[in-house]
1. Return one whole number: the accessible area per residue of the chain in Å², for a 1.4 Å probe.
2. Rg and Dmax in Å for the range 47-285, alpha carbons only: what are they?
3. Just round it to a whole percent: the fraction of Cα-Cα distances in the range 259-386 exceeding 24 Å.
4. Taking +1 at the Cβ of each Lys and Arg and -1 at the Cβ of each Asp and Glu, which of Pro371, Pro201, Gly245 sits farthest along the dipole of the chain towards its positive end, judged by Cα position relative to the Cα centre?
5. Which residue, Gly347, Met1, Gln288, has the largest displacement toward the positive end of the dipole of the chain when charges sit on each Cβ (Lys, Arg +1; Asp, Glu -1)?
6. Once every DSSP H run of n ≥ 4 in the chain is given -39500 (n - 2.57) and the sum is divided by its residues, what mean residue ellipticity at 222 nm do you get, rounded to the nearest 500 deg cm²/dmol?
7. When we measure straight from the Cα of Lys345, which lysines land under 27 angstrom away, once same-chain ones fewer than 8 places off are left out?
8. Express the relative contact order of the chain as a whole percentage, based on alpha carbon pairs under 8 Å and six or more residues apart in sequence.
Amino acid sequence: MNYQSNRLGQIPPYLFAEINKKKVAMIEAGVDVIDLGIGDPDLPTPPHIVEKLVEEMQDPANFKYPSFIGCLEYRQSIADFYLRHYGVELDPETEVLALIGSKEGIAHLIPALIDPGDTVLIPDPSYPVYRMATLLANGQYYDMPLLKENNFQPDFDSIPQEVVDSAKLMFLNYPGNPTSATVDVNFFKKAVAFSQEQGIPIAHDSAYNMVTYSDYTAPSILQVKGAKKGSVEFGSLSKTYNMTGWRIGFVVGNKEIIKALSVLKSNTDTGQFTPIQKAAAFALNSDQNCVVAHNSIYEERMAVVLEALSSIGIQVEPPKGSFFVWAPVPEGYTSTEFVTHILEKTGVIVTPGNAFGPSGEGYFRISLSVPTARLFEAIHRIKESI
Ligand SMILES: *Cc1c(COP(=O)(O)O)cnc(C)c1O
């Protein structure tokens, strides 16, 4: 029997399935596999945040159903962060919504805004959730190619008019996963102008907003004047504070969009555990030295990887944000062939670029979220094998 809905049947087979099978077989055969495919920080959540969670867990008032829009303390900490960090004012009552991780909010936003058959404009390559959640909502996605010659920015003018006409939502993501591309606020100005002209709301995913290097700071789309008329921004504590497993994020910006998402959410979930929300508020309100320290570790790892890639003839410009290196595969390989070759020859896993969309073909992604010594070892093995 096939019990699965047609909707679910549209989800393509997991692209890593074949690689995963090989990985498991190699581990069973005793190979010391190093996985540079995982986008999950190896560093621990800073102790002051963990201590705050433990403290809040002692208070029985926190054990009840949480408010599904998020406790005021958490929403206020997000509004304060936006004012302090970006100079953007937000009303914590109507322009801030707590999420059970930003992935949850991204996946729920799509059915909150689109009807079956509507189009969602999606960066290609990008985080797979935008695409899959669109399919689950019986929508269609349109891939906006992110090309190196355009600094991995979409070319809005090249989107066909009939696609623009049926589009109900556009996703953007800077610093970008997987491309590690960054933008300045001028790019967001262009995006907001396009959004307003065409009446297409923008959802900007800023999961890596605080993972930045040297003197670069990532802008918020809400810094563009008038952006709140049709844009929201997703934020996450996952990558900033190494809190991926805590499941806490937020969305800010346009009131109507936030209202729509909160109606959908109020009928599907009941918010994140209050002690986690309070610890997240504490993280945002506290000294940010831990963020600086994490970033300097990633920056050090980045240098190791870029130098090693350069020594085997792969040139990558130093990224200004995210903890990914997005590199072209050597001549003569497809993404999948190269990744398979590396795995079989060295036991090192990297992610094939085409796993993130068709324009990712010809690239592979290295994640810097493994201990520096393991990264050295992986790079050494790759060098030996080529
Ligand atoms: C990790 C990641 C997320 C998800 O973050 P959570 O808040 O942990 O759900 C969202 N977008 C991108 C691009 C990511 O890489």
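1. 44 Å²
2. Considering the range 47-285 through its Cα atoms, Rg and Dmax are 17.4, 57 Å.
3. Across the range 259-386, Cα pairs with separations above 24 Å total 45 percent.
4. Gly245
5. Most positive-ward Cα: Met1.
6. For the chain, the value works out to -12500 deg cm²/dmol.
7. Lys21, Lys22, Lys23, Lys383
8. So the answer I get is 24 percent.
The values are calculated or read from the model by the stated rules, or taken from the named source; none is laboratory data. Please read all numbers here as calculations on a predicted model, not as lab measurements. Cβ: placed from backbone, ideal geometry, glycine included. Neighbour counts: every protein chain shown. When the accessible area is computed, the model is the full protein with side chains, heavy atoms only, and any ligands, DNA or RNA have been set aside. Shrake-Rupley method; radii C 1.70, N 1.55, O 1.52, S 1.80 Å.
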